[in-house]
Structures are given as structure tokens and as C-alpha cells.
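Okay, structure first, notes after.
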Amino acid sequence: MSAPKVIFIDEAEFGLAAYDADDGLTKQVALRFTARGGTLCDDVEDADYVIINTSKSDWRSVFRRYVSGNRIALSSDWIDACVSTGRALLEGDQYGGYRLQLHDAMPGPEHRYEGIVSFVPLVDMWSLTRI
């Protein structure tokens, strides 16, 4: 049996670093990620992506706790979607994720979360529609 195709790499062919924010990944899904080039980080500060299990009832609080301006939040379904496609679905693919952005002023009512930091969605990772 051959080794799985390495797909969890960026344009420079570096492995994608992700943090399992809520221990929502099953061992099988985590293995699919790491066997195909991805790295699961022990510390969120080392990760470019935060994987969130959106089927858990507290996913919104996990999202607010871990996502920042330099990390993108992705649903745990992202890993299987990438494996099915045969490549990592990244920002250029407009695949669902959120990146937070600091605002000079308080965000308006159109933002879902209050505070000085609010998200600027690339694509809504739950409905998979471009925003």
C-alpha cells in the first residue's frame, strides 16, 4: 500500500500547521491530516489555522477564544473536503474560513461579535457562501 498523497502544504510546499481548538477531531481525521503533510500543533500560537468542530454546542466561544488576525478558523469538515478534492482548499479557493481583523473603530451592528476585534469573513465556513 502506498503512502497517502501529501496535500496539506502551502504554495511554498511547507506543511500546514493547525491547532485542534476543542479536541473535536477524531483520531481518524487527525491521522488523515498528518499523514498527508499537515502538522497538529500543541500550542495555538504555532498554528496558521484553527480547526473547530462546529457540531459542538460551544463552537462560537471556541471561535472567539482562538481565532486572531494571523490565524484562519476552519470547520473540522475542511479536512475531509480537502482529502476528497485531493488538495488543500485554501483562501484562493474561497473555501470557508474566517480571519479576524483589527478595526480602528468599534465594529458596526452588521458584525456578529462585539468588541474591538471582529471578524472579516472570507467565506462563511458554515454555509460555504462567499460573503
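The values are calculated or read from the model by the stated rules, or taken from the named source; none is laboratory data. Because the structure is predicted, anything quoted here is derived from the model rather than measured. Cβ sites come from the backbone with ideal geometry, for glycine too, and all protein chains shown count toward neighbours.
Listing for the model above:
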{"read-out": "Tally of residues being among the small types (Gly, Ala, Ser), part of a helix (DSSP H, G or I) and buried (at least 21 other Cβ atoms within 10 Å of the Cβ) across region 54-82", "value": "0"}
{"read-out": "Scan of region 14-29 for residues that are in a loop (DSSP other than H, G, I, E, B) and of a type in the set (A, V, I, L, M), ordered by number", "value": "Leu16, Ala21, Leu25"}
{"read-out": "Arg87 being touching a residue at least 12 places away in the same chain (Cβ under 8 Å), crowded, with 16+ Cβ neighbours inside 10 Å, over 13 Å from the mean Cα position of the chain (by Cα) and under 20 Å from Phe14 (Cα atoms)", "value": "no"}
{"read-out": "Per-region count, region 43-54, residues in contact (Cβ under 8 Å) with a residue 12 or more places away in the chain and out of contact with any helix residue (DSSP H, G or I) (no Cβ under 6 Å at 6 or more places or on another chain)", "value": "8"}
{"read-out": "All positions within region 14-53 that are of a type in the set (Ser, Thr, Tyr) and surrounded by 19 or more Cβ atoms within 10 Å (Cβ to Cβ)", "value": "Tyr19, Tyr49"}
{"read-out": "Counted residues, region 1-13 - those being of a type in the set (A, V, I, L, M, F, W, C) and either surrounded by 13 or more Cβ atoms within 10 Å (Cβ to Cβ) or not in a loop (DSSP other than H, G, I, E, B) (or both)", "value": "4"}
{"read-out": "Which numbered condition Gly96 fails, given (1) within 11 Å of the chain's Cα centre (by Cα); (2) at pLDDT 70 or above", "value": "(2)"}
{"read-out": "Set Ala47, Ala3, Ala12, Ala21: member being over 19 Å from Asp93 (Cα atoms) and over 11 Å from the mean Cα position of the chain (by Cα)", "value": "Ala3"}
{"read-out": "Test result for Thr34, assigned to a loop (DSSP other than H, G, I, E, B) and at negative phi", "value": "no"}
